[in-house]
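The values are calculated or read from the model by the stated rules, or taken from the named source; none is laboratory data. Keep in mind that what you see is a predicted model, and the values were worked out from it rather than measured. Protein only, heavy atoms only, side chains kept; ligands, DNA and RNA dropped before computing areas. Shrake-Rupley method; radii C 1.70, N 1.55, O 1.52, S 1.80 Å.
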Amino acid sequence: MAGKSKITEERALKLGAAAAEELGVYIVDVSYDGGVLCYYIDRDGGVDIDICESFSRTVEKTLDEADIIEGGYSLEVSSPGVDRKLKKEREFRYYIGREVEVKLYAANEDGLKEFDGILKDFHDKTAVIERETEEVEVPLKNAVYIRLKFVF
C-alpha cells in the first residue's frame, strides 16, 4: 500500500499544480492514506478557509477527470499548520530562509538538543540550519522535529 500511496501522492501533486498556480498558492505537501487525499497549501501571508475551499473545488474537478484513485475517497485541503513537522524535501525547499525550531533525539557535538535558526539548505535528507555564527547540519533521522518557528 505504501508504494501505491506514494504514486497517488505524486500524481495528485502534478494534477494540483495548475489549481495552485491559478490561486497563487504553493502545494507544500500531499498525503494519501486510507481513502483520504489531503493537500497542504500555503502562500506568503498564509491561507484562510476561503482559499482552501477554492483550491478544493478547482482541484476536485481535475482529480475526477483524471480518475487516479480507485473507488471513493475524501478530499481535504488545509494549511500546513504552525506546529507541523517538516518531512519532505519539497517542504524544506519551500521554507528555505525561514526561521525553524529543531529538537534532536540526542544532544549534538555542541551539547544542544533544542535550538532555533534559519533554514539555509536541504540536501541528502539533511537540513542546514544557520545558528548565530555557525551552520549546523541536521540529518532528519537525528531530529524529533524540525518545524517552522511561529512568532506571535
Practice problem: Could you pull out every one of the aspartates and glutamates with an alpha carbon less than 15 Å from that of Lys103, ignoring same-chain neighbours closer than 8 positions? | Solution: Asp83, Glu114, Asp116, Glu130, Glu137
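When a/c is below 1.5 the answer is rounded, else prolate if a/b is larger than b/c, else oblate, so apply that to the range 90-152 with a ≥ b ≥ c taken from the square roots of the Cα gyration tensor eigenvalues. Write out the running numbers ahead of the final one.
Values: a/c = 1.41, a/b = 1.20, b/c = 1.18.
Verdict is rounded for the range 90-152.
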Exercise. First check a/c for the range 42-152, with a ≥ b ≥ c the square roots of the eigenvalues of its C-alpha gyration tensor; if it is under 1.5, answer rounded, and if not, answer prolate when a/b is larger than b/c or oblate otherwise.
Key: prolate
Practice problem: Just report the Cα centroid separation between the range 14-43 and the range 121-143, whole Å. | Solution: 26 Å
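Can you flag which of Lys6/Lys120; Lys113/Lys149; Lys4/Lys61; Lys88/Lys125; Lys6/Lys149; Lys85/Lys125 are past 19 Å Cα-Cα? Walk me through the numbers before you get to the answer.
Numbers: Lys6/Lys120 27 Å; Lys113/Lys149 16 Å; Lys4/Lys61 22 Å; Lys88/Lys125 9 Å; Lys6/Lys149 28 Å; Lys85/Lys125 14 Å.
Too far apart for the 19 Å limit: Lys6/Lys120; Lys4/Lys61; Lys6/Lys149.
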Quiz item: By the gyration tensor of its Cα atoms, with a ≥ b ≥ c the square roots of the eigenvalues, what is the shape of the range 1-97: rounded for a/c under 1.5, prolate for a/b over b/c, or oblate?
Solution: oblate
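Which percent of the accessible heavy-atom area of the range 1-46 goes to carbon and sulfur, probe 1.4 angstrom? Let's see the in-between values first.
Working: 1280 of 2470 Å².
Summing carbon and sulfur atoms, their accessible area is 52 percent of the total for the range 1-46.
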